[in-house]
1. Pick out, from the range 105-192, the helices (runs of 4 or more DSSP H) lying fully within it that include 3 or more residues that are at pLDDT below 80.
2. Considering each of VAL187, VAL180, VAL110, VAL118 in turn, give the residue that is of a type in the set (Val, Ile, Thr), open to solvent by less than 60 Å² (accessible area, probe 1.4 Å) and more than 15 Å from GLY62 (Cα to Cα).
3. Looking at ARG102, is it open to solvent by 70 Å² or more (accessible area, probe 1.4 Å) and at pLDDT 80 or above?
4. How many residues are open to solvent by 10 Å² or more (accessible area, probe 1.4 Å), closer than 17 Å to THR123 by Cα and more than 16 Å from the chain's Cα centre (by Cα) if we restrict to the range 3-46?
5. Can you tell me which residues in the range 141-151 are surrounded by fewer than 18 Cβ atoms within 10 Å (Cβ to Cβ) and touching a residue at least 12 places away in the same chain (Cβ under 8 Å)?
Amino acid sequence: VVGLSGSLMPGPLLALNISEAARRGFWAGPILVLGHAIVELATVVALAWGLGQLLGNGLVAGVIGLFGGMFLVWMGFGLVRGARHKAALEASNPGTTGSMGRLILSGILVSVSNPFWVLWWATVGTAYVLWALQQGMAGMSSFYLGHILSDLGWYSLVSLVIATGRRMVGDVWYRGALLVCGLALFVLGGYFVVSGIGFLR
């Protein structure tokens, strides 16, 4: 339930999930979540080792917001440009080595570019890691698996809806989805840059 409270909030990973599922089909979503899961596993391990104060540092959040926001603006610009240039639905398979690697890397980069993801782990996430540690490895494993399964369930559902719908609509719908997701990333990126500057101040 706590994991879903984060998963259901609209953000850059959701926008990327929608655009990639429209482009590549259902499996794009679960593969993006795999990249997200790798980052979150590293985060849980780091918090278990007592690095929670680092995530809560305003300087860290500020730098992530500033550079992460610029990265999201760049991604958003690419999606909007693709929509304007009358992009067509691709038949690429997200399961191929190249596509899968790019999607995993995108899941990682989009996750760490979000300063509010960092702040969530510095507050709510840290509290739950400390609570789970009281139950030993079983507690940590349960917490992590529950958290990741909430992400996987939600983003897989979104991918299924988008991938199923794209069979009934054409390139116009696809370009519209690219435009909306690109603008969302662009706006979120700008917001993260402004927030990052605020954290640094």
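The values are calculated or read from the model by the stated rules, or taken from the named source; none is laboratory data. None of the values given here were measured: they were computed from a predicted structure. Heads up, the Cβs are rebuilt from the backbone with ideal geometry, glycines too, and the neighbour counts pull from every protein chain shown. Only protein heavy atoms, including side chains, enter the accessible area calculation; ligands, DNA and RNA are left aside. Shrake-Rupley method; radii C 1.70, N 1.55, O 1.52, S 1.80 Å.
1. Details: elements: 115-120, 126-133, 136-166.
Counting at least 3 such residues, we get 115-120.
2. None of the others qualify; the one that does is VAL110.
3. yes
4. Selection size over the range 3-46: 2.
5. Correct list: GLY146, LEU149.
Quick grid of which residues meet (1) at pLDDT 85 or above; (2) part of a helix (DSSP H, G or I); (3) among the basic types (Lys, Arg):
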| position | (1), (2), (3) |
| --- | --- |
| ILE18 | yes, yes, no |
| PHE26 | yes, no, no |
| VAL33 | yes, yes, no |
| THR43 | yes, yes, no |
| LEU54 | no, yes, no |
| GLY62 | no, yes, no |
| LEU66 | no, yes, no |
